[in-house]
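Input: a single structure, listed below in structure tokens.
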Amino acid sequence: MKDLSQETIKKIKEKNIHPTTKWKFLVENFFIWISLAFLIIFGAVSLALAYYFLIQLDWDVLRFMHRTSLFFWLVPHIWLLLLVLFFILAFILFRRTKKGYRLEGIIVSSLIFLLFLLVGSAAHYFQADENINNIFSKRVPGYQLLTNNKERQWSQPEAGLLGGEITKVKEKNLNLKDFQGKDWQINYDQNTSIRPSVNLQPNEKIKVIGEKKNDKEFQADEIRPWEGKGMMRGKMKMGN
């Protein structure tokens, strides 16, 4: 027993091992909890933004989209990837807390996801997700290319979906600038259905369902307001 004690003391001296002071442990534990709190917030915001993008999409137009492209266009990949990343980091950090290592993995995972859900719901309720998205859209270059949003969903003229801002209105057509800055002539007639809340005036944003005729013309079967879907008012009445 004496030999074992002497051997242990010898190894401690050789490796220059010193006991961890209480203040150092408290500081380390404090930073772990602070980091964990930030990860919970970031994960919750990622969850809220993923939900925000999903509810912004027009799910009733899936029939116009190719099945192979549904996952690409509809899933908010960037925010789901960040959600998974923040979840994993939060899990690892929680395990490093004083009592975290004692809990089973399923309990830790459920607790973290519950916190994501609660904080994310609050972020969505107070429209923090929408505000963050607007800030990123304006200040982060290439952000729109990383997110599957409503603008991208309505930027598929080959699939019959086109959205943008009206620049000029005529009797049987209107000019539209899409979200890539390209100008289109949107043709409509007595067979075109227009939702009642659509305002066919310059500077108004609309969504058009129809068929691409060429690189500059698009035949409209249905015109919707940009926000919401509106109620159908039947076939439009053309003026003389």
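Every number in this text was worked out from the coordinates using simple rules, so none of it is lab data. All of these numbers come straight from a predicted model, not from anything done at the bench. Ideal geometry is used to build each Cβ from the backbone, glycine not excepted, and the neighbour counts take in all protein chains shown.
Among the listed pairs K170/K216; K170/K212; K138/K212; K182/K205; K150/K172, give every one whose C-alpha distance is greater than 22 Å.
From K170/K216; K170/K212; K138/K212; K182/K205; K150/K172, over 22 Å: K138/K212; K150/K172.
Going from the fewest other Cβ atoms within 10 Å to the most, the residues H124, H77 appear in the order H77, H124. Net length available on complete extension from E171 to F136 is 8.7 nm, with 0.36 nm assigned per residue and the Cα-Cα distance removed. Among E104, E227, sorting on how many other beta-carbon atoms sit within 10 Å of each Cβ, with the fewest leading, yields E104, E227. In terms of other Cβ atoms within 10 Å, L111, L161 run from fewest to most in the order L111, L161.
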